[in-house]
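The values are calculated or read from the model by the stated rules, or taken from the named source; none is laboratory data. Since the model is a prediction, treat every value here as computed from it, not as a measurement. Here Cβ is always computed from backbone atoms with ideal geometry, including for glycine, and neighbour counts include all displayed protein chains. When the accessible area is computed, the model is the full protein with side chains, heavy atoms only, and any ligands, DNA or RNA have been set aside. Shrake-Rupley method; radii C 1.70, N 1.55, O 1.52, S 1.80 Å.
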Amino acid sequence: MNPASNEKIDQIFDAIYKEAEKRRNEFREDPGPKIHIGLATCGIASGALETKKAFEEALDEYNIEARIHTVGCLGHCYAEPVVVIDHPDSGFPPIFYHEVNAGKAKMLAKLFLKEGDPRFEHVYGAMEENDLIPSVMEFARFNREKRVVMEKCGHIDPEDIYDYIAQGGYSSLVKTLKLNSDEIIKEVQNSGLRGRGGAGFPTGRKWELAKSAGEQEKIVICNADEGDPGAYMDRTILESNPHQVIEGMAICAYAVGAKKAIIYVRAEYPLAVDIVTKAIRQAIELGLLGKSVLGSSFDLEIDVFRGSGAFVCGEETALIRSIEGYRGMPRHRPPYPVQKGLWNKPTVINNVKTLASVPPILDHGADWYREIGTENTPGTAIFSVVGNVVHAGLVEIPMGVSLRTLIFDICGGIPNNKKFKAVQIGGPSGGCLNEEFLDTPIDFDSLTEAGAMMGSGGMVVMDEDTCMVEVSRYFLDFTQNESCGKCTFCRIGTYHLLKILERLTRGEGEDGDIELLETLSKDIKAGSLCGLGKTAPNPVLTSIKYFRDEYEAHIYEKRCPALMCRPMIAFYFDLDLCARGCDACATCCPVEAVFTTSNRKKGVDQELCVKCGECIVVCPPEYDAVRKVSPPHLVPYIEKPPEKKKED
Amino acid sequence: MPKFLVDNKEIKAKQGTTLLKVCLDNQIYIPNLCYLEGIDPPSVSCRMCFVEIEGERQPVTSCTVFVKDDMVVKTDTPAVRQLQRTALRLLLSVHHVDCKNCQANKKCELQRMAKFLKVGLKPKGLGIYLREVEIDRSHPFLDYYPNRCVLCGKCVHVCREKNGQSALTFSKRGFDTVISFYGVRDLPTPECENCNVCIDICPVGALALKETQKEAVPNLQGEEDPNIA
């Protein structure tokens, strides 16, 4: 690049940055209160739109001059809808409020915004250090995280490109345009960044392979076809900070010499599709994409392609087929997409998180990035921690943190005084690890060694009430449904695994089933065509390895130790605890299986009971009289249920 | 011209040929279902043609390997046979074994492989699962037997090669995956009446001319396609 064009790039970007700064200052210097509402899918699902509407109405009603700033997701799903209120006149720092429903919003508008009382009982914490309110940074859920990819998520308006630019956005792209592609690739290689889609392939090397394909046309694809049950990292990033991903794509395209890029995002993420599409349009308007980016000789066109709901299309060769208009079925590799990808052109396919890691790397330098995380896996990992865990949500931590720290310290452990049982990492391709592995550091190699895998970041925490056979069945049901049906092992093999597991959970297991599961699993792993089949048996193999006793109990004792598999359990009421005259269970039972005994307590007609567990939910906690047993014949005899009257 | 060893036999072959083709040309049988010269990229879907190659950690599919000088290939190792037998048993576990009423009897690839691998046609230990639809009669001239089909995909390929556009496609997912005639009635000229390439290529007799072909239905009013829900 010659200095003259560098100057031109700076000039054009300076003008954009000045505008962004002006807008930011205007917003900051506005003396009125600001209400930041998280409006990503998770917030909306918890009612954030109603919260926003309630604020708007209350501002009108009480005649308050305040600005509503819609932001993305902070990652604190357990606390949604999340609202941060910055009310400088009140003398309080910006305050984080959790679970703000419409009623709470109205109350806060009146009492805090109008009258200056922050309602301490509803405060979660302050967003900055101060003398009045404890800061959220004192909580492990906030201070143990290290945010690189999600740094700006939840702080900026994803639909306003200036918000991103004012916070330093697109400066890495400016830097990139002034370097040559080898320098960029070198920097990414030095950072040690590994693909965050699951396999952990070194990103710099992938880029170099694509670049070395020569002068021909190349393509960059951002893989946002996130499909693991319980995983939503990519969605949240796209909904909360789409420009960081776009910037990463632009840098990648520049480095490998591509002029075309595609974001492959699931159609089931309508909000993400909208936000990304809008973001691309804004970037084009400002000259950050399109012909002659920022006045340089680099052109880039980014399209959004909506995947239509096949999990297997997250596999790169299937993804390519699907963009080409064919049925999404994987093909044999090699040739790898970097050699022969979309429309037979060299194609770099990177995950959302990988691409979003690139701008901070170029901004702060490879050495800075290397200092985060471990030797072999520098950087951060983003997990969506869900299941039986107190502070569920998105967590970004440095690689190498132990599972124990993540689950117990950062995410608050297991709710309801239950015991930890297992953690499922890596979605349907990953494995279930038991408590022995709690001290395993989280990185690609350690997790693979333990039999799980990093995957793209789904993490399901399970407590003692979870049946591991049922969990395996659930995941196999998923993979079997999502198998493209192309290769024998995946199509038929996983079906057999599923059928055997279904038998086990019904109490129809036979001697030899565990061994059959194991041999079939091994062959499916070795014989399948693509990653989906090769990893599909992992939940079965790991759960057999670490929870074999549960499989044995299902087969030999027809007993479900976690009291979860319905055909193997029975309900009854502990007559010492059951309250005479209480009818809570009887009124909610959907099949009228609860009857009143001769001394006016309750019994269960085992022939009618469908084991839905509603009675446990409604039994008042002071009685807590409902009991489950497995196998069902252990249920104590109470008395004969009354003859049901025949309906006329 | 690369020179290499297959089962201790020295073989020479042209650069750029796949190992599977070379072996078959040299009378070394490797079980296979989906391989067909000219399919690019190869389907590699039947997962039968495994071999062991010195230097590779585990068995590889021979239809995706190009011959190289000094390769040492073994087609008959315990690991190879284990995978092939499991794959065949899986295929047979969803196959309606009714050879005497099947047009492919005696020339069926499944029979050949079962004999070669010493696997019974009704394998023990695995449940038998058949699809609900026994015969798909939605095509005006053809009948399709889902419970015979091994989904090798050769019919889809040859039809496209001959007619430019395939009258057959894959549909559904997982265990339910089948070959479907979806959209066949929208094709400009369904050449199917006098073509038969798909029937001829099918290794297991899953496609057949309609029994009632003599009374043909030229107005293309076949039955409803069961794959369109």
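Points to keep in mind about this one:
- As a fraction of the 1.4 Å probe accessible area of the protein assembly as shown, surface on carbon and sulfur atoms comes out at 48 percent.
- Amide H partners (placed H, <5 Å) of A:ILE68, local residues excluded: A:ILE35
- Whole-Hz Karplus values for region B:158-163 come out as 5, 5, 5, 4, 7, 9 Hz, taken residue by residue from phi with 6.51 cos²θ - 1.76 cosθ + 1.60 and θ = phi - 60°; glycine and proline positions read x.
- With a simple spin-label model that places each label point 7 Å from the Cα along the Cα-to-Cβ direction, the separation between B:GLN27 and A:ASN101 comes to 8.2 nm.
- Per-residue extension of 0.36 nm, minus the Cα-Cα distance of A:GLU502 and A:LYS175, leaves a gain of 112.1 nm for this segment.
- The magnitude of the dipole of region A:89-202, with charges of +1 and -1 set on the Cβ of Lys/Arg and Asp/Glu and taken from the Cα centre, is near 440 debye.
- Compactness of region A:167-371 was expressed as the Cα radius of gyration divided by 2.2 N^0.38 Å, which yields 0.94.
- Each residue of region A:617-634 was assigned a 3J(HN,Hα) from its phi angle through the Karplus curve 6.51 cos²θ - 1.76 cosθ + 1.60 (θ = phi - 60°); the sequence is 5, 8, 4, x, x, 5, 9, 6, 9, 7, 10, 10, 9, 9, x, x, 5, 7 Hz, with glycine and proline shown as x.
- Averaged over its residues, region A:569-634 has an accessible area of 54 Å² per residue, based on protein heavy atoms and a 1.4 Å probe.
- Sequence-distant lysines (8 or more away, or on other chains) whose Cα lies within less than 28 Å of B:LYS118: A:LYS486, A:LYS499, A:LYS522, A:LYS525, A:LYS534, B:LYS9, B:LYS21, B:LYS74, B:LYS100, B:LYS106, B:LYS107, B:LYS154
- Residue (of A:ASN25, A:ILE44, A:ILE12) at the positive-pole extreme of region A:7-54, dipole from beta-carbon charges: A:ILE44
- Three-way shape label, the protein assembly as shown, alpha-carbon gyration tensor, a/c 1.5: oblate
- Lysines whose Cα lies under 20 Å from that of A:LYS8, excluding same-chain neighbours fewer than 8 positions away: A:LYS18, A:LYS175, A:LYS178, A:LYS291
- Residue-level accessible surface for A:LYS53, protein heavy atoms, 1.4 Å, Å²: 120
- Residues of region B:99-124 with amide N under 20 Å of the 7 Å Cα→Cβ point at B:GLU134: B:99-105, B:122
- Projecting the Cα atoms of A:CYS582, A:TYR546, A:ALA593 onto the charge dipole of region A:530-648 (Cβ charges, centred on the Cα centre) puts A:TYR546 farthest toward the positive pole.
- Those trypsin sites (Lys or Arg not before Pro) in region A:527-616 that DSSP places in a loop and that have at most 12 other beta carbons within 10 Å: A:ARG580, A:ARG600
- Cα gyration tensor, region A:569-634 - rounded (a/c under 1.5), prolate or oblate: rounded
- Per-residue average of Cβ from other chains inside 10 Å of A:515-525: 3
- Each Lys and Arg adds +1 at its Cβ and each Asp and Glu adds -1 at its Cβ; summed about the Cα centre, region A:380-463 shows a dipole of about 340 debye.
- Percentage, to the nearest whole number, of Cα pairs in region A:380-463 over 17 Å apart: 35
- Computed from phi, the 3J(HN,Hα) profile of region B:168-183 under the Karplus parametrisation 6.51, -1.76, 1.60 (θ = phi - 60°) reads 10, 9, 7, 9, 6, 10, x, 4, 7, 4, 9, 8, 10, 9, 3, x Hz, with x in place of Gly and Pro.
- Restricting the calculation to Cα atoms, every distinct pair contributes to the Kirkwood radius of region A:6-111, found to be 15.0 Å.
- For region B:142-215, a crude dipole built from +1 on the beta carbon of Lys and Arg and -1 on the beta carbon of Asp and Glu, taken about the Cα centre, is about 240 debye to the nearest 20.
- Placing one equal scatterer on every Cα of region A:468-557 and applying the Debye formula, the log10 ratio I(q)/I(0) at q = 0.10, 0.13, 0.14 Å⁻¹ is -0.21, -0.36, -0.41.
- Spatially proximal lysines relative to B:LYS14 (Cα-Cα < 16 Å; intrachain offsets below 8 disregarded): B:LYS3, B:LYS68
- Between B and A, accessible area buried - total, square angstrom, nearest 100, 1.4 angstrom probe: 2600
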